[in-house]
Amino acid sequence: MSDELPEPDLIERSSLSEKIYTQLRVALMSGHYEPGDKLNIRKLSQLSQTSPTPVREAIMQLVREGALELKPGHQPRVTILSPEHYMRILEVRVPLERMATVLATMHVTEEMLAELEALDAQFTEAEQAHAWKTAMDCNRALHFRIYRSSGNEVLVRTIESLWLLTGPLVSRQYAGMLYRASDSALHGQIIDALRRRSPYEAGDLVVQDMRYGAGIILERLRAPEPRRRAR
């Protein structure tokens with residue numbers, strides 16, 4: 001093992017890279033980007049008030065995780081998922097998110113319940129205002145408030161990695177899902193099950209919430225494109 005310590009500028013750069021990586025990760029999970037969106041390293045570095053190097057390092061980490069694609073001579077772009085790939089990710093998410101919810105039920109507090117109710121209220125308000133990005137932010141925050149209460153950081157990190165892949169796809173479809181019943185109804189049922197310390201009911205409701213939204217997304221993805229009128 002080397003006794004040498006990293007140079008101070010290397011430590012600072014690593015810290016900046018981690019900060020930018022975390023910000024981009026949350027933005028992707030929350031649907032602030034859509035499939036195929038390109039990320040401009042120069043613009044991101046200007047927004048972050050830093051050099052392009054830590055931005056590039058953060059982007060390369062997201063490329064390694066599959067959230068971004070990078071081809072030689074092109075800008076990095078958000079990965080485009082096929083319906084089949086989305087389904088495979090969903091199949092993995094189901095048991096993990098159910099498990100996280102079951103474990104979280106053992107650690108319910110009044111503070112946690114109050115936070116969930118506040119997030120659900122904000123979610124409903126955002127949906128009614130057609131503020132889709134805000135609604136997705138609230139939905140992500142609500143679910144991960146539950147999952148983090150599981151006390152298993154490995155489980156939470158794994159779930160985050162899967163949301164990272166599906167967030168942009170959900171974002172693209174979200175505004176067009178107006179005919180669905182509000183997810184807030186299921187959110188309320190999940191919170192009630194947590195309040196009653198009913199672990200398997202809460203876990204099943206989380207899965208129901210996930211599958212319901214996914215079903216509509218898949219229906220829209222598989223719908224034939226409307227034909228253009230001939231001129």
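The values are calculated or read from the model by the stated rules, or taken from the named source; none is laboratory data. In this text the structure is predicted, and so the values were computed from the model without any measurement. Cβ: placed from backbone, ideal geometry, glycine included. Neighbour counts: every protein chain shown.
Some values worked out for this structure:
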quantity: Filter result for the condition that a residue is closer than 18 Å to LEU186 by Cβ and surrounded by fewer than 15 Cβ atoms within 10 Å (Cβ to Cβ), over ALA118, ALA114, ALA104, ALA100; calculated: ALA118
quantity: Unique match (being of a type in the set (A, V, I, L, M) and modelled with pLDDT of 95 or more) among VAL92, VAL26; calculated: VAL92
quantity: Whichever residue in the stretch 123-143 is without any contact (Cβ under 8 Å) to a residue 24 or more places away in the chain and either under 18 Å from MET29 (Cα atoms) or within 13 Å of the chain's Cα centre (by Cα) (or both) and, among such residues, is surrounded by the fewest Cβ atoms within 10 Å (Cβ to Cβ); calculated: ALA131
quantity: Every residue from the stretch 39-54 that is in contact with a helix residue (DSSP H, G or I) (Cβ under 6 Å, 6 or more places away or on another chain), modelled with pLDDT under 90 and closer than 20 Å to LEU28 by Cα; calculated: SER48
quantity: Residue satisfying condition, being touching a residue at least 40 places away in the same chain (Cβ under 8 Å), closer than 22 Å to GLY215 by Cβ and in contact with a Ser or Thr (Cβ under 7 Å, 6 or more places away or on another chain), within set LEU96, LEU90; calculated: LEU96
quantity: Count of the stretch 87-112 residues which are in a helix (DSSP H, G or I) and closer than 16 Å to HIS143 by Cβ; calculated: 18
quantity: GLY167 part of a helix (DSSP H, G or I) and over 26 Å from THR22 (Cα atoms); calculated: no
quantity: Check on HIS130, farther than 18 Å from LEU205 by Cβ and in the same structural domain as LYS38 (by TED's automatic domain parsing); calculated: no
